[in-house]
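A quick write-up on the structure given underneath.
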Amino acid sequence: MDDVIVDADAELLARLRAGDEEAFMTLVDKYGPLMLRIALTHVRTRAVAEEVVQEAWLGVLQGLDRFEGRSSLKTWILRIVANRARTRGEREARSVPLSSLGPDAGEDEPAVDPDRFMPADHPMYPGGWSIPPHSWARMPEEKLLAAESLQQVRAAIAKLPPRQQEVIVLRDVEGWDPEEVSQALELSPGNQRVLLHRARSKVRADLEHYFEGVEA
Amino acid sequence: MTAQGPIIPGGISCRELVELVTAYLDGALDSETSGRMQAHLQLCPPCTEYVDQIRASARIAVVATAELELRPDRDALLSAFREFKAR
């Protein structure tokens, strides 16, 4: 099955090198959605993600002569789009204004199960991890973004209390600033952050739970 | 390393740190707490992993909720291709 895909790509690649428009559009249809998905994980809006995808395709066209086929065409294209998206995302992140808000409370709902930490009177590591999180870094992007993972996150968000849902959707999905969200939802900055904190903590915990089940 | 009493990097325990992550990522901590948090993260891989996972979860949430047809703008790409060829 893989051979067929590779061969089809090899043929498309040859046609693309010859400047075949139809081959280009076939590749756009084939890998475009995945490229957009990758881009969307790094940048804040659909419009910027579209720009990143376009830049990436130009990068592909410019790099065609240098592409030696050591990786698959798909991997190569994804690496290009991921790099562009990452660069763009980092630039965006740096431009996010720092808010000058005080610390907040929210002790009643711990972000992580207290049983995963050493007791406060532990002689060596008081309050240190006793069951630390497993690394996600080794997980391939495809698995992190697999349909099942996405479904997990949707379910995790859907079961949050409504206020937490609103805040996480506006902050993390729509990419709004903390100030904008506080204003839109009529929350104090501190409450806005407590809601986001609880929401993110639960989504992470659900994902962790899911990934551990898959690994096992 | 020999045991010489409790080890609490940056003076913040891991259990405390996980509650500060959101404020930290928003740049909303005072500079002293933020500095202590950074000191802790430098010495503590599990907490660094935790912060990465919070970031990753936010990233995945974007994709997960983008239920719209994820098709890039074909027309724009086609004209970009033609432009590229014409160069």
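What follows is calculated from the coordinates using simple rules that are stated; it is not laboratory data. What you see is a predicted model, and the numbers here were worked out from it, not measured in a lab. Heads up, the Cβs are rebuilt from the backbone with ideal geometry, glycines too, and the neighbour counts pull from every protein chain shown.
Before moving on, here are some points about what is shown:
- Shielding score for A:169-175, defined as the mean number of other chain Cβ atoms within 10 Å: 4
- For segment A:8-31, the residues whose amide N sits under 14 Å from a probe point set 7 Å from the Cα of B:LEU78 along the beta carbon direction are A:21-29.
- Between 0 and 90 degrees, the angle of helix A:2-17 with respect to the longest Cα principal axis of chain A falls at about 60 degrees.
- Per DSSP, loop GluC sites (Glu not before Pro) in segment A:150-216 with at most 15 further Cβ within 10 Å: A:GLU174, A:GLU186
- Peptide A:153-162 - average C-beta neighbours from other chains (10 Å radius): 2
- Pairwise Lys count, the protein assembly as shown - Cα closer than 30 Å, eight or more residues apart or different chains: 8
- For A:ARG15 and A:GLU109, the difference between the fully extended length at 0.36 nm per residue and the C-alpha to C-alpha distance is 28.1 nm.
- Highest mobility in the GNM of chain A, judged by mean-square fluctuation with C-alpha springs under 10 Å and restricted to A:SER188, A:SER72, A:SER135, is found for A:SER135.
- Solitary cysteines of chain B, where the nearest other Cys Cβ is not under 4.7 Å: B:CYS14
- 5 Å-binned pair-distance histogram of chain B (Cα, whole percent): 3, 11, 16, 14, 10, 8, 8, 7, 7, 7, 5, 2, 1, 1, 0
- An oblate overall shape is assigned to segment A:114-215, the ratio a/c of its alpha-carbon gyration tensor axes (a ≥ b ≥ c) being 1.5 or greater and a/b not exceeding b/c.
- Loop-located GluC sites (Glu not before Pro) in chain B, at most 12 other Cβ atoms within 10 Å (DSSP): B:GLU67, B:GLU69
- Between the Cα long axis of helix A:21-42 and the first principal axis of chain A there is an angle of about 10°, rounded to the nearest 10.
- Taking the alpha carbon gyration tensor of the protein assembly as shown, multiplying each eigenvalue by 5 and rooting it gives semi-axes of 41, 22, 18 Å, largest first.
- Segment A:ALA155..A:THR45, full-extension length gain: 37.4 nm, with 0.36 nm per residue of separation and the alpha-carbon distance subtracted.
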